[in-house]
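Report on the structure given below.
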Amino acid sequence: MSFYTSLTGLNSATAQLAVTSNNIANVGTSGFKRSRADFGDIFSTSPLQKSSSNIGQGVSLKQVSQEFSQGNISTSGNSLDLAITGDGFFPLKTPDGLQDIYTRNGSFTLNDQNNVVNSTGQRLMAASVDSSGKADLTDLNA
């Protein structure tokens, strides 16, 4: 039993190191949002036991969650680079037009067809705006 408890601790420490390594590896990536490993206790329980008599059985990784706090905004020499202050994402369409993708990375350029795209060729989607300046977010065009 104690071997299993120790093993869950080692597995959880490995998971935490993987999340931390990913955060460090992407610290310079524009638009990257760090992750956080959330852990929970494992208890040995049955419906007839009192909760005070439960014995701990180790720890488990419950989830890896993204932290969407505001990052640093810096200027660049590219007039098409954008930044989001607060909540929100840039909607993108894959080059084949079949999938919608969302990102906070605002590094954009123009492709050969004069579409605003990111570094992987995904097109930035835009909303149509009426004469009063109101955007129709239900009708996004790539």
request  = Answer yes or no as to whether G58 is surrounded by 16 or more Cβ atoms within 10 Å (Cβ to Cβ), in the same structural domain as A18 (by TED's automatic domain parsing) and either touching a Lys or Arg at 6+ places or on another chain (Cβ under 8 Å) or at pLDDT 90 or above (or both).
outcome  = no
Single match in S52, S74 (criterion: in a loop (DSSP other than H, G, I, E, B), at pLDDT below 85 and not aliphatic (A, V, I, L, M)) = S74
Filtered residue count, region 90-120, keeping only those that are in a strand (DSSP E or B) and of a type in the set (F, W, Y) = 2
key: Failed item in (1) part of a loop (DSSP other than H, G, I, E, B); (2) exposed (fewer than 13 other Cβ atoms within 10 Å of the Cβ); (3) within 21 Å of the chain's Cα centre (by Cα); (4) modelled with pLDDT of 90 or more, with S79 passing the rest   = (3)
Options S30, S21; residue that is under 18 Å from the mean Cα position of the chain (by Cα) and either assigned to a helix (DSSP H, G or I) or of a type in the set (A, V, I, L, M, F, W, C) (or both) = S21
message = Cβ-Cβ distance below 7 Å, separation of 6 or more or different chains: which pairs start in region 107-126 with a residue that is over 10 Å from L92 (Cβ atoms) and end on one that is at pLDDT below 90 and in a strand (DSSP E or B)?
response = A126/L140; A126/N141
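The values are calculated or read from the model by the stated rules, or taken from the named source; none is laboratory data. Only a predicted model underlies this, so the values are computations on that prediction, with no experimental measurement involved. Counting neighbours? That spans all protein chains shown, and the Cβs are built from the backbone with ideal geometry, glycine included.
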